[in-house]
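The values are calculated or read from the model by the stated rules, or taken from the named source; none is laboratory data. Just so we're clear, the structure is a prediction, and the values are computed from it rather than from any experiment. Here Cβ is always computed from backbone atoms with ideal geometry, including for glycine, and neighbour counts include all displayed protein chains. Ligands, DNA and RNA are excluded from the accessible area calculation, which covers all protein heavy atoms including side chains. Shrake-Rupley method; radii C 1.70, N 1.55, O 1.52, S 1.80 Å.
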Amino acid sequence: MASAEEGRQQPDAVGVLNARRTLLQLLGRAGVGPGDAEELIGLVEAGAVSLAHRELAGARRGAPAGTEALYRAGWLDGVRAATADLGEFAERAVRAALVHDAADAPAPGERPPVRRMEVERARVAATPLYLSFTTVSDFDPEVSEQVLTAVLATMGARERAGYAGRLAGFAAEHRELLERLFARYGPGSGIAIHGRYSLVHSPTSIAVLERLSAAPGELWEAWDAGELPPAWLEGLTAAWGSGS
């Protein structure tokens, strides 16, 4: 057992802190504000703990072969307790990652303003999904930012933090329908980039479609507040509702 432990490479507290400070400095030089950088790093840290919790919870690790029933029962109780503690730690880590701007927190029942880093995270999540269905187009990136801001305005901070996973699940669940939609209306089709179906030429379309499915009323409110063209959302709604 001792030799096995000695062979493992695990970072110590000093090394972890050093890596964290280094990353904060590098992000700062790239123009990322301290609050956004802290949140990004915090979400990565919380995600690592959460993934470890899920792996352990699903592994169903049994006691060593040949052990007695009483030993096996105690082993399983210990595994359950350790897994539960890890799950609670992951939950606390997520909450801690999302409170860097707690001083500016909205009133109960209100959603926080959409921040630049949240828009960037949504863009990074949506773009590869979009490219798995179609190709790039010349859709205005500034408009894409406005669209994502409206999409994110329908969610709270916790939902925004987990939106990449939700978006991936949506794309996987509706893959056949999305393939037909982009083939019929997207880049390479006979539909022009300007007009009723403009959004199908933007990576943000996947995010908009997910919100149309999950929270259409909230999306329309955010859309109007962002003064985005109603025809874009109407066109995407019609294309999605027709089954493409």
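Name every residue in the stretch 133-159 that is in contact (Cβ under 8 Å) with a residue 12 or more places away in the chain, of a type outside the set (A, V, I, L, M, F, W, C) and loosely packed, with under 14 Cβ neighbours inside 10 Å, in order of residue number. Can you show your working first?
In the first step, residues of the stretch 133-159 are kept if they are in contact (Cβ under 8 Å) with a residue 12 or more places away in the chain; the result is 133-139, 143-158.
Then drop every residue that is not of a type outside the set (A, V, I, L, M, F, W, C), which leaves 134-135, 137-138, 144-146, 149, 154, 156, 158.
Passing the criteria: 135, 138, 156, 158.
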| query | Can you name the condition, by its number, that residue 182 falls short on among (1) closer than 21 Å to residue 142 by Cα; (2) open to solvent by less than 30 Å² (accessible area, probe 1.4 Å)? | reply | (1)
| query | Regarding residue 76, is this residue at pLDDT 75 or above and over 30 Å from residue 152 (Cβ atoms)? | reply | yes
| said: Of all residues being of a type outside the set (Asp, Glu) and open to solvent by 100 Å² or more (accessible area, probe 1.4 Å) in the stretch 1-18, which is modelled with the lowest pLDDT? Just the residue, please. | reply: 1
| request: Inspect all residues belonging to the stretch 48-70 and state whether any of them is of a type outside the set (Ser, Thr, Tyr), part of a helix (DSSP H, G or I), modelled with pLDDT of 75 or more and surrounded by 16 or more Cβ atoms within 10 Å (Cβ to Cβ). | output: yes
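Taking the stated definitions as given, is residue 217 open to solvent by less than 50 Å² (accessible area, probe 1.4 Å), farther than 19 Å from residue 132 by Cα, of a type outside the set (A, V, I, L, M, F, W, C) and part of a loop (DSSP other than H, G, I, E, B)? Don't jump to the end; show me each part of the working.
Numbers: open to solvent by less than 50 Å² (accessible area, probe 1.4 Å): yes; farther than 19 Å from residue 132 by Cα: yes; of a type outside the set (A, V, I, L, M, F, W, C): yes; part of a loop (DSSP other than H, G, I, E, B): no.
The answer is no for residue 217.
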| Whichever residue in the stretch 160-178 is open to solvent by 20 Å² or more (accessible area, probe 1.4 Å) and of a type outside the set (A, V, I, L, M, F, W, C) and, among such residues, is farthest from residue 238 (Cα to Cα) | 162
| request: Only residues that are closer than 13 Å to residue 211 by Cβ and of a type in the set (D, E, K, R): list them for the stretch 152-188, please. | output: 159, 160, 166
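Considering only the stretch 195-221, how many residues are among the small types (Gly, Ala, Ser) and touching a Ser or Thr at 6+ places or on another chain (Cβ under 7 Å)?
As a first pass, look at the stretch 195-221 and keep what is among the small types (Gly, Ala, Ser): 195, 198, 202, 205, 207, 213-215, 217.
Filter once more, keeping what is touching a Ser or Thr at 6+ places or on another chain (Cβ under 7 Å): 202, 215.
Total satisfying the criteria: 2.
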| Selection status of residue 109, at pLDDT 80 or above and surrounded by fewer than 12 Cβ atoms within 10 Å (Cβ to Cβ) | no
| task | Inspect all residues belonging to the stretch 201-211 and state whether any of them is closer than 30 Å to residue 46 by Cβ, of a type in the set (A, V, I, L, M, F, W, C), under 22 Å from the mean Cα position of the chain (by Cα) and not in a helix (DSSP H, G or I). | result | no
| task | Please work out which residue is most open to solvent (accessible area, probe 1.4 Å), limiting yourself to the stretch 185-195 and to residues that are touching a residue at least 40 places away in the same chain (Cβ under 8 Å) and farther than 13 Å from residue 132 by Cα. | result | 188
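So how many residues does the stretch 134-151 have that are in contact with a helix residue (DSSP H, G or I) (Cβ under 7 Å, 6 or more places away or on another chain), more than 15 Å from residue 210 (Cα to Cα) and of a type outside the set (S, T, N, Q)?
Of the residues in that region, 2 qualify.
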